[in-house]
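Here's the structure we're looking at; comments come further down.
The values are calculated or read from the model by the stated rules, or taken from the named source; none is laboratory data. Just so we're clear, the structure is a prediction, and the values are computed from it rather than from any experiment. Reconstructed Cβ throughout: ideal geometry from the backbone, glycine too, with neighbour counts over all protein chains shown.
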Amino acid sequence: MLTLNWGSATDVGRVRNQNEDSLWASESLFLVADGMGGHAAGEVASGLAATEIGRIAESSPLHAEDITIAIWRANEAILRAGHERGDRFGLGTTVTGVAVVSAEGDDQWAVFNVGDSRVYRFTEGQLSQVTVDHSEVQELVTAGHLRPEEARFHPRRNVVTRSLGSDPPPIADLWVLRPRAGDRFLVCSDGLTGELEDAEIEQLLAEFSDPQEAADALVRAANAAGGHDNVTAIVVDLVGPDPIV
Ligand code: CA
């Protein structure tokens, strides 16, 4: 079993009145959900995603399929809550995260994503983005119509193309990755990546070896840069045993 150490931080930011981000961080599962919709709908949607998917953390070992099923179940719960509120078209959330799963007889990472929250991997001082945003601007970047550095300031940067609370249910992206010694993952909402460039995130992850201090520093930096949105960061470290590569 992989031994992990982690820290998390979330903040309303400096502009919004409510924090509609939710997170789950436990033994084997770490996720961030960024809710959307008026009248506190975002908070309800992201909270449902965190608890519905988070409850599978109790099962051991976890498999990648468990995550896919849990995302589907969370989608159903959000749709149901929307029907009950009568404002179903406003109720939605992103969800992204990393979990330890059993695959091919080994403990491996499973990274999952719906929407434009992100998972990054930080190994040997290098930051790389694992997830691919489900957003209009990402589609423009992929098609070559927009440069990645322009995407952060594009007027439609907040438009997601996949989210939970959709009918038909969204297809979640899933990556199964082999652990490497010294692995560190960052799970975050766009309140972080909207304020900080990847190079700034990389620098803070290198500077703070303690995961809680790193998460706090990232949230602090996002607020110092403007704090235009709710901001959430989870930092997960693999502390042992060193995997055989
Ligand atoms: Ca957000």
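Quick one: in the stretch 87-100, which of the residues that are among the small types (Gly, Ala, Ser) and within 16 Å of the ligand (Cβ to nearest atom) is nearest to ALA214 (Cα to Cα)?
GLY97
Residue by residue, here is whether (1) touching a residue at least 60 places away in the same chain (Cβ under 8 Å); (2) within 16 Å of the ligand (Cβ to nearest atom) holds:
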site	(1), (2)
VAL137	no, yes
ARG152	no, yes
LEU177	yes, no
THR193	yes, yes
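Restricting attention to the stretch 27-46, the residues that are on the phi < 0 side of the Ramachandran plot, surrounded by fewer than 24 Cβ atoms within 10 Å (Cβ to Cβ) and not aliphatic (A, V, I, L, M) total 4.
Residue under question is LEU192, and the condition is that it be modelled with pLDDT of 95 or more, of a type in the set (A, V, I, L, M, F, W, C) and under 30 Å from GLY105 (Cα atoms); does it hold?
Values: modelled with pLDDT of 95 or more: yes; of a type in the set (A, V, I, L, M, F, W, C): yes; under 30 Å from GLY105 (Cα atoms): no.
So LEU192 does not fit the description; no.
When the stretch 162-175 is limited to residues that are assigned to a strand (DSSP E or B) and away from the ligand (no atom under 16 Å from the Cβ), the one that is farthest from GLY37 (Cα to Cα) turns out to be TRP175.
Of everything in the stretch 101-123 that's part of a strand (DSSP E or B) and over 27 Å from LEU196 (Cβ atoms), which residue is nearest to the ligand (Cβ to nearest atom)? If you could, list the steps in order and put the result at the bottom.
Filtering the stretch 101-123 for residues part of a strand (DSSP E or B) gives 101-103, 106-114, 118-123.
Among the residues that remain, those that are also over 27 Å from LEU196 (Cβ atoms) are: 101-103, 106-108.
On the way: VAL101: 27, SER102: 32, ALA103: 31, ASP106: 35, ASP107: 31, GLN108: 29 Å.
So, considering only residues that are part of a strand (DSSP E or B) and over 27 Å from LEU196 (Cβ atoms), the one nearest to the ligand (Cβ to nearest atom) is VAL101.
Checking each residue in the stretch 163-222 for being touching a Ser or Thr at 6+ places or on another chain (Cβ under 8 Å) and among the basic types (Lys, Arg) picks out ARG180, ARG184. If only residues of the stretch 1-17 that are under 19 Å from the mean Cα position of the chain (by Cα) and polar (S, T, N, Q) are counted, the one that is farthest from ALA221 (Cα to Cα) is ASN5.
Candidates in the stretch 1-24 are the residues that are among the acidic types (Asp, Glu) and closer than 20 Å to LEU48 by Cβ; of these, the one that is surrounded by the most Cβ atoms within 10 Å (Cβ to Cβ) is ASP21.
Residue-level analysis places VAL137 outside the set of residues that are of a type in the set (A, V, I, L, M) and touching a strand residue (DSSP E or B) at 6+ places or on another chain (Cβ under 9 Å). If the condition is being closer than 15 Å to LEU192 by Cα and at pLDDT 95 or above, then the stretch 132-153 contributes only ASP133. Elements of the type strands (runs of 3 or more DSSP E) sitting completely within the stretch 1-82 and holding at least 3 residues that are over 20 Å from THR161 (Cα atoms): these cover 3-11, 21-26.
Could you please give the count of residues in the stretch 21-62 that are among the hydroxyl-bearing types (Ser, Thr, Tyr), within 15 Å of the chain's Cα centre (by Cα) and away from the ligand (no atom under 15 Å from the Cβ)? Give the steps one after another, and end with the answer.
In the first step, residues of the stretch 21-62 are kept if they are among the hydroxyl-bearing types (Ser, Thr, Tyr); the result is 22, 26, 28, 46, 51, 59-60.
Add one more test, that the residue is within 15 Å of the chain's Cα centre (by Cα), and what stays is 22, 26, 28, 46, 51.
Checking which are away from the ligand (no atom under 15 Å from the Cβ) leaves us with 26, 28, 51.
Result for the stretch 21-62: 3.
Taking the stretch 124-161, which residues are of a type in the set (Asp, Glu), under 19 Å from GLY92 (Cα atoms) and not in a loop (DSSP other than H, G, I, E, B)?
So the first thing to find is which residues in the stretch 124-161 are of a type in the set (Asp, Glu), and the list is 124, 133, 136, 139, 149-150.
Filter once more, keeping what is under 19 Å from GLY92 (Cα atoms): 133, 136.
Across the stretch 124-161, the qualifying residue is only GLU136.
From the list ASP183, ASP167, ASP210, the one residue that fits, being exposed (fewer than 14 other Cβ atoms within 10 Å of the Cβ), over 26 Å from GLY42 (Cβ atoms) and of a type in the set (D, E, K, R), is ASP210.
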